[in-house]
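Before any comments, here is the structure.
The values are calculated or read from the model by the stated rules, or taken from the named source; none is laboratory data. Model, not experiment: these values are computed from the prediction. With ideal geometry, Cβ positions are generated from the backbone for all residues, glycine too; neighbour counts draw on all protein chains shown. Just the protein is used for accessible areas: all its heavy atoms, side chains included, with ligands, DNA and RNA removed. Shrake-Rupley method; radii C 1.70, N 1.55, O 1.52, S 1.80 Å.
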Amino acid sequence: MIFLFVVFELIIVILGIGYLIFISTLGRNFSLPGNPDADPDDGNMKPTGKRLIAFQKPYIDAFKELPFEECCIKSFDNLKLYAYLIKGNPEEVVIFMHGYRSNKENDFADKYEIYKERNSTMLFLDGRAHGKSEGKYIGFSELDRFDIEKWVDFINEKYDNPRIYLHGVSMGGASVIHCANMHLNNLCGIIDDCGFTSGRDITAVQMKGTFNLPYFPFATLATFFAKNVGGVDFDKSKGEECARESDVPIVYIHGKADVFVPCWMSEKMYEATVKPKRLLLVEGAGHAAAYMMAPAEYKNLVNELLDGKVV
């Protein structure tokens, strides 16, 4: 009897940990407690986290003052999704997707000048369960790809036969890669900055790096809850397959020192890509720090893609 009670208690604990991992990962208003004063160079953003914060600050201050035009659409599951438009050349439109628990300011304020110089029309998304967009659970790239599809439709309705590009950072990078084989109308190219291959792969990395727990049974249960409660199937989209089946050029950018999303993921997708492709690996750059560490190379690669020179 005691043995059965212990087994029952153990099962409850394991289920609870699995659910906690799920809700802390995908829940909009939930995050694990931590030290708000922790050194960013000691966590997932090392070794360049502290430098990145200082580098971005003046760009973010200026970015917030831009004359954004708020836009709103409905998602496939009837959520209100919001984005912010900067008008420029209507023939060249770039859609930006930010990263996990991030926003347009943190991920694109520093890169805005690249596109301003080109007079691109820019649309910065609030991903589901981020910013003003509705949603109880983060889409983790799997649901976000369908939201991006809706925004591509929005741009095609707004402008006459535009050239559309997608630029994503981190989870946003995974989101745009997972659009690569969806044959979106007028999509001409993708920029994936430190995106992960799949929900399954990044979960395996983070189980060890963030939670210090074995994948089985904890992540197995977390992915079960993600699929059946949050509607996010971590095995649905695989970056290598999406890249292999892409009909547009793809540019991959990644920091070699990234410990949050290891650069082997970009290398793996680059190897799988059949269409025109480029790969920029930046020495010494941690997560999302490639532009800070190699601004000229980053800018040149973006311009080559938008100028149709990645062939």
- Output ordering of 85-92, 54-61 (per-residue mean of other Cβ within 10 Å, highest first) is 85-92, 54-61
- Message: Rounding to the nearest 10 and keeping the result within 0 to 90°, find how far the Cα-based axis of helix 49-63 lies from the longest principal axis of the chain.
- Response: 50
- Query: Going highest first, how would you order 198-208, 101-111 by mean Cβ packing within 10 Å?
  - Reply: 101-111, 198-208
- Task: Figure the gain on full extension for PHE76 and GLU283 (residue separation times 0.36 nm, minus the Cα-Cα span) and round it to one decimal in nm.
- Result: 70.5 nm
- Query: How large is the charge dipole for the stretch 217-311, taken about the Cα centre, if only the Cβ atoms of Lys, Arg (+1) and Asp, Glu (-1) carry charge, to the nearest 20 debye?
  - Reply: 60
- Note on the structure: Largest-first ranking of HIS183, HIS178 by accessible area, probe 1.4 Å, whole protein assembly kept, is HIS183, HIS178
- Alpha-carbon centroid distance for the pair the stretch 234-311 / the stretch 154-233, whole angstrom: 14
- Query: Which percent of the accessible area of the stretch 66-161 is formed by carbon and sulfur heavy atoms (probe 1.4 angstrom)?
  - Reply: 43
- Message: How big is the dipole moment of the stretch 130-220 about its Cα centre under a simple scheme where the beta carbon of each Lys and Arg is +1, that of each Asp and Glu is -1, and everything else is neutral? Debye, nearest 20, please.
- Response: 240
- Task: Quick one: work out the % antiparallel among DSSP beta bridges in the chain, nearest 5.
- Result: 30
- Given charges at Cβ of Lys, Arg, Asp, Glu: the chain dipole, positive-most of GLY27, CYS263, ILE148: GLY27
- As a check on your grasp of the helix formula, calculate [θ] at 222 nm for the chain: sum -39500 (n - 2.57) over DSSP H runs of n ≥ 4, divide by the residue count, round to the nearest 500. -11500 deg cm²/dmol
